[in-house]
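**Student:** Got a structure for you, written out below as structure tokens; questions coming shortly.
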Amino acid sequence: MTGPWAALPDDHPLGGLRPVLDGPDAELGHEPREGFEDRCWVLHAIRDEQGRRLRWHEVLAQAGRSLADWPHTPSYLLFEGIAGTEAYDGPSDGEIDHETLVRLVELLARHGSGGPDTPCYAVHAGIERAEHPLPARLGRLADAPAHHAAREANFPANWWAVDGSWFVLTDWDLCATEVFGSARLIAALLADEELEAVRHPSIAEALATP
């Protein structure tokens with residue numbers, strides 16, 4: 001059966017992560033601090049008025065800026081004051097855009113033992129669940145785009161393989177998605193020509209910057 005991910009009971013343990021995801025530190029989404037070989041950011045798509053996808057570095061270069069020089073996490077604040085960007089479509093904040101999600105799912109499927117049938121848990125950020133009755137969900141990795149298209153609220157902030165091989169976070173405030181997994185998976189994301197994936201400080205590292 002395919003389609004949007006199925007709702008789970010409110011007391012489902014979510015592979016032992018329920019206490020963490022319900023805790024105050026996950027208000028905007030949970031960022032793992034350990035348990036994975038590597039991590040990177042997948043930047044959400046930006047399109048100009050003609051619908052052409054632009055790379056973040058192209059847009060930032062217009063104002064002599066660089067993501068590498070930005071000590072904070074990837075957000076819309078990077079583009080403040082850059083002429084013309086107010087007419088662009090994206091980058092989406094608080095949830096991954098559909099195009100980027102589709103490609104990310106393809107790569108996750110290639111680098112996991114379950115392929116497209118990998119079972120996944122998904123949970124909304126605490127701030128969103130506090131406002132709406134949004135249950136945790138379970139479904140096939142390949143059905144993530146279908147759930148994104150059919151959703152009644154933002155796409156879940158956290159979704160991850162039930163076997164714990166990878167974990168995804170789209171923080172409520174950010175315009176990029178953080179992916180945690182094997183060194184092989186992260187290398188594939190960074191090398192992919194369709195995605196724009198980068199190494200950049202984690203949320204915890206950025207908050208610790210003086």
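The values are calculated or read from the model by the stated rules, or taken from the named source; none is laboratory data. All values reported here derive from a predicted model rather than from experimental measurement. Reconstructed Cβ throughout: ideal geometry from the backbone, glycine too, with neighbour counts over all protein chains shown. What goes into the accessible areas is simple: the full protein's heavy atoms, side chains included, and nothing from ligands, DNA or RNA. Shrake-Rupley method; radii C 1.70, N 1.55, O 1.52, S 1.80 Å.
**Student:** Mind counting the residues in the stretch 113-144 that are within 13 Å of the chain's Cα centre (by Cα) and surrounded by fewer than 17 Cβ atoms within 10 Å (Cβ to Cβ)? Break it down into steps so the answer makes sense when it comes.
**Tutor:** Quick first cut of the stretch 113-144, residues within 13 Å of the chain's Cα centre (by Cα) only: 122-125, 144.
Filter once more, so that each one left must be surrounded by fewer than 17 Cβ atoms within 10 Å (Cβ to Cβ): none.
Qualifying residue count, the stretch 113-144: 0.
**Student:** Looking at (1) within 19 Å of Val198 (Cβ to Cβ); (2) open to solvent by 20 Å² or more (accessible area, probe 1.4 Å); (3) touching a helix residue (DSSP H, G or I) at 6+ places or on another chain (Cβ under 8 Å); (4) modelled with pLDDT of 95 or more, which is the only condition His30 fails?
**Tutor:** The one condition His30 does not meet is (1).
**Student:** Can you tell me which condition Gln62 does not meet? The list is (1) within 18 Å of Thr177 (Cβ to Cβ); (2) open to solvent by 50 Å² or more (accessible area, probe 1.4 Å); (3) in contact with a Gly (Cβ under 8 Å, 6 or more places away or on another chain), and all the others hold.
**Tutor:** Against the list (1) within 18 Å of Thr177 (Cβ to Cβ); (2) open to solvent by 50 Å² or more (accessible area, probe 1.4 Å); (3) in contact with a Gly (Cβ under 8 Å, 6 or more places away or on another chain), Gln62 comes up short only on (1).
**Student:** Within the stretch 122-160, track down each residue that is touching a strand residue (DSSP E or B) at 6+ places or on another chain (Cβ under 6 Å) and under 22 Å from Gly35 (Cβ atoms).
**Tutor:** Residues satisfying the conditions are Ala122, Val123, Ala136, Arg137, Leu138, Leu141, Pro156, Asn158, Trp159, Trp160.
**Student:** Can you give me the number of residues within the stretch 1-27 that are part of a loop (DSSP other than H, G, I, E, B) and open to solvent by less than 50 Å² (accessible area, probe 1.4 Å)? Reasoning before the result, please.
**Tutor:** Step one: list which residues in the stretch 1-27 are part of a loop (DSSP other than H, G, I, E, B), which gives 1-5, 8-13, 17, 22-23, 27.
In the following step, the residues that additionally are open to solvent by less than 50 Å² (accessible area, probe 1.4 Å) were identified as 3, 5, 8, 12, 17, 23.
Residues meeting the conditions: 6.
**Student:** Just one of the numbered conditions (1) in contact with a Leu (Cβ under 7 Å, 6 or more places away or on another chain); (2) in contact (Cβ under 8 Å) with a residue 40 or more places away in the chain is not true of Leu60; which one?
**Tutor:** (2)
**Student:** Sticking with this one: Against the definition (of a type in the set (S, T, N, Q) and farther than 30 Å from Ala63 by Cβ), how does Asn154 come out, yes or no? Spell out the reasoning first.
**Tutor:** Details: of a type in the set (S, T, N, Q): yes; farther than 30 Å from Ala63 by Cβ: no.
No.
**Student:** Looking for something over 15 Å from the mean Cα position of the chain (by Cα) and part of a loop (DSSP other than H, G, I, E, B) - is there at least one such residue anywhere in the stretch 87-99? Steps first, please.
**Tutor:** Just the residues of the stretch 87-99 that are over 15 Å from the mean Cα position of the chain (by Cα), to begin with: 87-89.
From what's left, part of a loop (DSSP other than H, G, I, E, B): 88.
Yes, some residue in the stretch 87-99 is over 15 Å from the mean Cα position of the chain (by Cα) and part of a loop (DSSP other than H, G, I, E, B).
**Student:** Next question. Exactly one condition in (1) free of Cβ contacts under 8 Å to residues at least 60 places away in the same chain; (2) surrounded by 15 or more Cβ atoms within 10 Å (Cβ to Cβ); (3) of a type in the set (Lys, Arg) is not met by Arg39; state its number.
**Tutor:** (1)
**Student:** Working carefully through the options Ala197, Ala206, Ala187, Ala109, find the one that is of a type in the set (A, V, I, L, M), open to solvent by 30 Å² or more (accessible area, probe 1.4 Å) and either free of Cβ contacts under 8 Å to residues at least 24 places away in the same chain or farther than 21 Å from Gly16 by Cα (or both).
**Tutor:** Checking each option against the conditions leaves just Ala187.
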